[in-house]
Amino acid sequence: MSTSTAASVDGLPRTFRVSQAFPDSPTLDVSATVREEIGILAKQIKPGMNIGVGVGSRGITNLRAVVETTLTTLQAAGAKPFIIPAMGSHGGATPEAQTELLGEYGLSENTLKVPFHATMEVDPVASDCHGNEVVWARPALAADGVLVINRIKPHTDFAGNLGSGLVKMAVVGLGKRTGASHFHRSACHLGYEAALRERFQAIAQNTPLLGGLGLIEDQRHQTAHVEWIPTDGLVAREESLFQTSRSLMPQIPFDSVDLLIIDRIGKNISGAGMDPNVIARSVHGYLTSPPREQEPLTIRRIFVRDLTPETHGNAIGIGLADVTTQRLVESMNHEVTFVNALTALSTNGAKTPIYFDTDREAILRVLDTLALPRLNQAKILRIQDTLNLEQMVASEAYHEEAMERPELTPESDPAPLAFTSGQQLLDVAEEFAP
């Protein structure tokens, strides 16, 4: 594609590339650490035990190595492990799609040499205080033991002392679509965290759950910690690891943004498509008015350009954007997106915002809704996605601040926004390419 760097005739601000530095995490031999941690569980394994391993659909770094090492360590102890997709309603809530999603991470019967039990069938194990059934995947209930593997991180839908992690995977992931739906209904009455705790307690008491392998990732999306946690004491330990994970989340480095441009969203990026903990917008609604005094990060408008290929058309989270592109709308799998939104009882995330043919038109039209005194002074920030915040493109209004802050490094001088001949932007990653 050809690009043009001619001076803008529409008053758009000049932009520059900027890098954000994060502290280095200790070097971690992931496979060796997993082997050591699962080795703690392996001491309890009796030869011939059927062990279910619950694995989800998030884009977890080193996931294949983690799962493979877990399986081989269990096998060395004499167990017969098998995989259970533990992702609630993701993949349109079908066994075929959930199996395919794992396959894209290199996890399949052929690569792992173990069976996959991907059925969506569940059985009740208890009832919550409102009489809603607590259910669990049928293959998990039939196993001699079950463990889950998941990244521990702040949740996209609620704040508290637990988030997305082992507890949630045991409750929602292994609950399949039915369990996910029941959990969200319970959360409407009890609150998310209270519903998680109550349902996990029922599962811990009435299922063969052995525990979970918790992972923490740093600001660079690299594995920073791996730990085996048995069911007894899992909630308390996950609370502690949750605080560590929250401290390692990447953040947008500026307090106020007129327009945030995100290259891509998807379920492999965040359960909400784009992480509300990063964009400061809730899946339950948000405001885009000018910031008030003492208010934290305020993003007045969001423009989302595309979906990741890995999300398979699931555009959950697009409803958090103000504008998007026609190409993204055309790439949506509405059925998969709607199943996800309806199961979570959160319809905002599936709403389609205003969309335009080209990136240039989207930018101009959405900036016009801000009634800025001078368009060329707009605070625009471009990011790849909400997981990758090391490399960004920022408008000139941020240049002086970027020059003064030690964690930020301007990588280029301000220059006119460059569009292709089709009036589209290059991805941020392409902007930084040699």
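The values are calculated or read from the model by the stated rules, or taken from the named source; none is laboratory data. Not measured: the values here are computed from a predicted model. Virtual Cβ from ideal backbone geometry, glycine too; neighbours counted across all protein chains shown.
A few notes on this one:
- Residue count for segment 174-197, restricted to those that are more than 17 Å from residue 342 (Cβ to Cβ), buried (at least 21 other Cβ atoms within 10 Å of the Cβ) and either in contact with a strand residue (DSSP E or B) (Cβ under 6 Å, 6 or more places away or on another chain) or of a type in the set (Asp, Glu) (or both): 1
- Segment 341-356, subset of a type outside the set (A, V, I, L, M, F, W, C) and more than 15 Å from residue 331 (Cα to Cα), residue surrounded by the fewest Cβ atoms within 10 Å (Cβ to Cβ): 347
- Any hit, segment 191-199, residues being closer than 30 Å to residue 28 by Cβ and in contact with a helix residue (DSSP H, G or I) (Cβ under 6 Å, 6 or more places away or on another chain): yes
- Of all residues in segment 45-92, those satisfying the criterion of being in a strand (DSSP E or B) and touching a Lys or Arg at 6+ places or on another chain (Cβ under 8 Å) are 50, 51.
- When each of 58, 64, 14 is tested for being outside the structural domain of residue 417 (by TED's automatic domain parsing), touching a strand residue (DSSP E or B) at 6+ places or on another chain (Cβ under 9 Å), closer than 30 Å to residue 252 by Cα and not aliphatic (A, V, I, L, M), the lone residue that passes is 58.
- Restricting segment 277-288 to residues that are out of contact with any Ser or Thr (no Cβ under 6 Å at 6 or more places or on another chain) and not in a loop (DSSP other than H, G, I, E, B), the residue that is modelled with the highest pLDDT: 279
- Within segment 93-110, the presence of a residue that is assigned to a loop (DSSP other than H, G, I, E, B), of a type in the set (Asp, Glu), touching a helix residue (DSSP H, G or I) at 6+ places or on another chain (Cβ under 8 Å) and outside the structural domain of residue 210 (by TED's automatic domain parsing) is excluded.
- The criterion of being crowded, with 24+ Cβ neighbours inside 10 Å and among the small types (Gly, Ala, Ser) does not hold for residue 108.
- Evaluation of residue 169 against (1) modelled with pLDDT under 95; (2) assigned to a strand (DSSP E or B) (one fails), failing number: (2)
- Just one of the numbered conditions (1) aliphatic (A, V, I, L, M); (2) over 21 Å from residue 115 (Cα atoms); (3) crowded, with 24+ Cβ neighbours inside 10 Å is not true of residue 146: (2).
- Conditions (1) modelled with pLDDT of 95 or more; (2) in the same structural domain as residue 386 (by TED's automatic domain parsing); (3) of a type in the set (A, V, I, L, M); (4) over 27 Å from residue 270 (Cα atoms); number of the one not met by residue 49: (2)
- Top-ranked residue of segment 111-131 - restricted to ones that are of a type in the set (A, V, I, L, M, F, W, C) and assigned to a loop (DSSP other than H, G, I, E, B), ranked as surrounded by the fewest Cβ atoms within 10 Å (Cβ to Cβ): 129
- Residues located in segment 314-332, provided they are touching a strand residue (DSSP E or B) at 6+ places or on another chain (Cβ under 9 Å), buried (at least 17 other Cβ atoms within 10 Å of the Cβ) and not aliphatic (A, V, I, L, M): 314, 317, 322, 324, 325
- Restricting segment 418-434 to residues that are among the acidic types (Asp, Glu) and in contact with a strand residue (DSSP E or B) (Cβ under 6 Å, 6 or more places away or on another chain), the residue that is nearest to residue 325 (Cα to Cα): 427
- Matching strands (runs of 3 or more DSSP E) fully within segment 189-276 where at least 2 residues are not assigned by TED's automatic domain parsing to the domain that holds residue 52: 256-265
- Enumeration of residues in segment 366-382 that are surrounded by 14 or more Cβ atoms within 10 Å (Cβ to Cβ) and farther than 17 Å from residue 396 by Cβ: 366, 369
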